[in-house]
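Single-structure report; data block below.
The values are calculated or read from the model by the stated rules, or taken from the named source; none is laboratory data. What you are looking at is a predicted structure, and each value in this text was computed from that prediction instead of being measured. So basically every Cβ, Gly included, is an ideal-geometry build from the backbone, and we count neighbours across all protein chains shown. Keep in mind that these areas ignore ligands, DNA and RNA; they rest on the heavy atoms of the full protein, side chains included. Shrake-Rupley method; radii C 1.70, N 1.55, O 1.52, S 1.80 Å.
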Amino acid sequence: MASKADKFFSKNNYQWLVILLIIVIVLGVGFRFFQLEKKLYWHDEVYTSMRAAGFTRQEIDNNLFQNRIVTAPELQKYQQIKPGSTAVDTIQSLAIEDPQHPPFYFLMARFWMQQFGSSRTASRLLPTLLSLLSLPLMYGLAWELFTSHLIALFATAFIALSPFDILFAQTARQYSLLAVIVIGSSWLLLRAMRLQSWKNWSFYAGAIALGLYTHPFFILTAIAQGSFIIYDKLFISNINPKNYQNISNYFLALTTAIIIYTPWIFVLITNLQRASDTTNWTKISPGFLDIVKLWVLSFTALFIDLDFGFDSISTYLLRLPFLLLIAVAIYILYRQTNRTTSLFIITSIIVPFLILALPDIILGGKRSAVSRYLVSCFPGIQLAVAYFLGTKIQTTQRFWRVVLAATLTASIVSCTISAFADTWWSKDLSYFNAEVAQIINKNVANSVSPKSVIVISDIGDDFTNTGDLISLSYLLDKNVQLLLLSDSPNFEILKGYSIIFTFRISEKLRLAIEEKQGKLEPIFQYGKLWKLL
């Protein structure tokens, strides 16, 4: 089928297709660089800069929450390289407080920060540039699988214009790098299996090691790749003696990568309780129906990222055609390609998903409901859809042109709306910060004196306020004052302020304020912004 697609693709009347796909790829690259400075710098991005800069959250909390008034810009000094710190401080910050995050990306971010500064644009430019590596790697992977330039171009176009991939390409976290290594390691594995040289298997082992040092969930990809090799040997190509060599080479590469990763395994074991405490939120189940909804939203976000509310039926009706497209594409891939090709792609989707989803279903939790944790699954879906449309487009029916046009249009519209939005679903904890900042800034602008308005906060019930306060500081007027209270709050500081807000305060502090200062009224409940009457 792939060779037929290339022959069809070479016809003069289909030169428009290659032009269209190249335009789509260029457009996807453009979306990645658009509005980098304007988008909300959310909680996790703040922590990326904080770790890269060499700070720990504990030392920041010890400096901030001391019954003291600070201005919004003062909070951002913790996003700049800590004076006198080195890369060792970055590693120690992660090892002590965030051991579930390996240091590779954070060290890259630190060196990038040293060269280009710590602005939001600079911080996001690194993952944006890294995300561009996924384009040639996806082309190479698709070529290894299908030996078709047409399908490879389709796959590259889909990842280039993917709303999900663009969203995380503009996020100062390690997920765009993880996607690059997921795709790159798959390409290196197929090359190693085809060429059977120690050099190629060594490159593959290095990719596994880099993947593990980027994110612990890269192990999902490594397991999927191992499952493919073993299943291929047992049930598909068991006569081929190369399969014995592939299995032994895979386990040798995996063992080598794990040995290289041993230092961070030691860090994880040493700080296992801390890692467990900081990931406890993934063990809270939202309920099976909500998990299914989040699965639908996650997988369809590769092609469309529009919604009318989490509980709106319209959101899911809009995405249903794309869910159907994915399902049919995987089925056609299974029926029409050789078993080795279909097995490789299907295991890359199903194995990581089941490893995350089954514990959620059986034991409770929401690991599989977190879109960024499913990065290992997504390239396989894009490859399946690329094969499906890349072969169907050769028919004389207009229907498949309409399907392609609708798919690309949905992605373009999604990316355009997201590009101009103040916030998006990926901002998670900080989703409402933009609206919170607008309310506070409006009150400051309308007040007689900027110093008559103050925002009270403390460390909060869930200890996430440090990140969210710094996130908020990028949006607040530079004159906004924040009173950051300790466990023993000093309310005398509030004398002289006529407008007093509270932001994400703990229940203990709320009760203390209402007992000693007056009643608190919710101004924007979703953003946890209250006002003292």
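Annotation: residue 24 fulfils all but one of (1) out of contact with any helix residue (DSSP H, G or I) (no Cβ under 9 Å at 6 or more places or on another chain); (2) over 30 Å from residue 209 (Cα atoms); the unmet one is (1). If the condition is being modelled with pLDDT of 95 or more and surrounded by fewer than 21 Cβ atoms within 10 Å (Cβ to Cβ), then region 192-208 contributes 202, 203, 206. Tell me, yes or no, whether region 386-401 has at least one residue that is touching a residue at least 40 places away in the same chain (Cβ under 8 Å), buried (at least 23 other Cβ atoms within 10 Å of the Cβ) and in contact with a Gly (Cβ under 8 Å, 6 or more places away or on another chain). No, region 386-401 has no match at all.
Condition check ((1) on the phi > 0 side of the Ramachandran plot; (2) surrounded by fewer than 18 Cβ atoms within 10 Å (Cβ to Cβ)) across all residues:
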{"position": "67", "(1), (2)": "yes, yes"}
{"position": "102", "(1), (2)": "no, no"}
{"position": "106", "(1), (2)": "no, no"}
{"position": "114", "(1), (2)": "no, yes"}
{"position": "125", "(1), (2)": "no, no"}
{"position": "128", "(1), (2)": "no, no"}
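Might you let me know whether region 367-383 holds any residue that is aromatic (Phe, Trp, Tyr), touching a residue at least 12 places away in the same chain (Cβ under 8 Å) and open to solvent by less than 10 Å² (accessible area, probe 1.4 Å)?
yes
Has region 308-328 got any residue that is open to solvent by less than 80 Å² (accessible area, probe 1.4 Å), within 23 Å of residue 364 (Cα to Cα) and under 23 Å from the mean Cα position of the chain (by Cα)? Yes, some residue in region 308-328 is open to solvent by less than 80 Å² (accessible area, probe 1.4 Å), within 23 Å of residue 364 (Cα to Cα) and under 23 Å from the mean Cα position of the chain (by Cα).
This table checks each residue for (1) touching a residue at least 24 places away in the same chain (Cβ under 8 Å); (2) open to solvent by 80 Å² or more (accessible area, probe 1.4 Å); (3) more than 24 Å from residue 429 (Cβ to Cβ).
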| position | (1), (2), (3) |
| --- | --- |
| 484 | yes, no, no |
| 490 | yes, no, yes |
| 501 | yes, no, no |
| 504 | yes, no, no |
| 511 | no, yes, no |
| 516 | yes, yes, yes |
| 520 | no, no, no |
| 524 | yes, no, no |
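Screening the candidates 353, 344 for the property of being open to solvent by 20 Å² or more (accessible area, probe 1.4 Å), farther than 16 Å from residue 165 by Cβ and among the aromatic types (Phe, Trp, Tyr) yields one hit, 353.
Do we find a residue being part of a helix (DSSP H, G or I), of a type in the set (Asp, Glu) and open to solvent by 80 Å² or more (accessible area, probe 1.4 Å) anywhere in region 435-447? Yes: region 435-447 contains one or more residues that are part of a helix (DSSP H, G or I), of a type in the set (Asp, Glu) and open to solvent by 80 Å² or more (accessible area, probe 1.4 Å). Of the strands (runs of 3 or more DSSP E) lying entirely inside region 475-533, the ones with 1 or more residues being under 34 Å from the mean Cα position of the chain (by Cα) and under 16 Å from residue 69 (Cβ atoms) are found at 481-484, 499-503.
Within region 261-279, track down each residue that is among the hydrophobic types (A, V, I, L, M, F, W, C) and open to solvent by 40 Å² or more (accessible area, probe 1.4 Å). Within region 261-279, 265, 266, 268, 269, 272 meet the criteria.
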